[in-house]
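Here the structure comes first, spelled out in structure tokens, and everything after it is commentary.
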Amino acid sequence: MDIRIAGIVPESIVDGDGIRYAIFMQGCNRHCPGCQNPATHALDGGKIFDTAEIIDDIKKNPLLSGITLTGGEPLLQIPPAIEIARATKEMGLNVWCYTGFKFEEVPPAAHELLKFVDVLVDGEFILALRDLELDFRGSSNQRIINLNEWRKSHG
Ligand code: SF4
């Protein structure tokens, strides 16, 4: 399946816990002032990859704790994101996903993707709330939400 990608960092230590395969998905409509990744905004930018190629690449690295779907806005490409996230879970690895949506406002079409996500970092970047001390987030409105814990407490 095609996926449009701005870039891949095969061993990232800044996009979640442990060593992570970080996929910077192309396309974002939010244009948050101060965004660190403006090159990811164009919906027709980046390069098209095959999800199978990415899944193979993830499988090859025994050092990975998991993958991180970031961008850009991962929720603009739900079907390929699901394919990669599902395959990653089948490998016994964890999945982090960034989104500009607040968790409560994630569109229903993306709920299937969240089933394969362990940790969601939510909310758009707000320049006035930027905090360089925060782990894995750019601004203090963003939350690191453990969806496994959330699922336990919500049946
Ligand atoms: S949601 Fe993320 S990628 Fe999109 S403009 Fe905001 S900070 Fe940039």
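Observations on the model:
- Criterion (under 14 Å from the mean Cα position of the chain (by Cα), small (Gly, Ala, Ser) and within 22 Å of LYS152 (Cβ to Cβ)) met by exactly one of GLY66, GLY27: GLY66
- Only residues that are loosely packed, with under 12 Cβ neighbours inside 10 Å and either part of a loop (DSSP other than H, G, I, E, B) or within 12 Å of the ligand (Cβ to nearest atom) (or both) were counted in the range 34-66, giving 6.
- PHE103 fulfils the conditions (1) hydrophobic (A, V, I, L, M, F, W, C); (2) exposed (fewer than 15 other Cβ atoms within 10 Å of the Cβ); (3) within 21 Å of GLY138 (Cβ to Cβ) except for a single criterion, (2).
- Just so you know, in the range 1-14 the residues that are within 18 Å of LEU76 (Cα to Cα) and open to solvent by less than 40 Å² (accessible area, probe 1.4 Å) include one that is farthest from the ligand (Cβ to nearest atom), and it is ILE3.
- Of all the criteria given as (1) more than 13 Å from the chain's Cα centre (by Cα); (2) under 19 Å from PHE116 (Cα atoms), the one not satisfied by ARG20 is (1).
- Qualifying residue in the range 130-152 (condition: among the acidic types (Asp, Glu), outside any loop (DSSP other than H, G, I, E, B) and either within 15 Å of ALA22 (Cβ to Cβ) or open to solvent by less than 20 Å² (accessible area, probe 1.4 Å) (or both)): no
- Given (1) surrounded by fewer than 18 Cβ atoms within 10 Å (Cβ to Cβ); (2) within 12 Å of the chain's Cα centre (by Cα), index of the condition LEU76 fails: (1)
- Only a single item in (1) touching a Ser or Thr at 6+ places or on another chain (Cβ under 7 Å); (2) open to solvent by less than 20 Å² (accessible area, probe 1.4 Å); (3) farther than 15 Å from MET91 by Cα; (4) not in a strand (DSSP E or B) is not met by ASP17, and it is number (2).
The values are calculated or read from the model by the stated rules, or taken from the named source; none is laboratory data. This is a predicted model, so every value here is computed, not measured. Glycine gets a Cβ as well: all are built from the backbone with ideal geometry, and neighbour counts include every protein chain shown. Note: accessible area is taken over every heavy atom of the protein model, side chains too, but ligands, DNA and RNA are not part of it. Shrake-Rupley method; radii C 1.70, N 1.55, O 1.52, S 1.80 Å.
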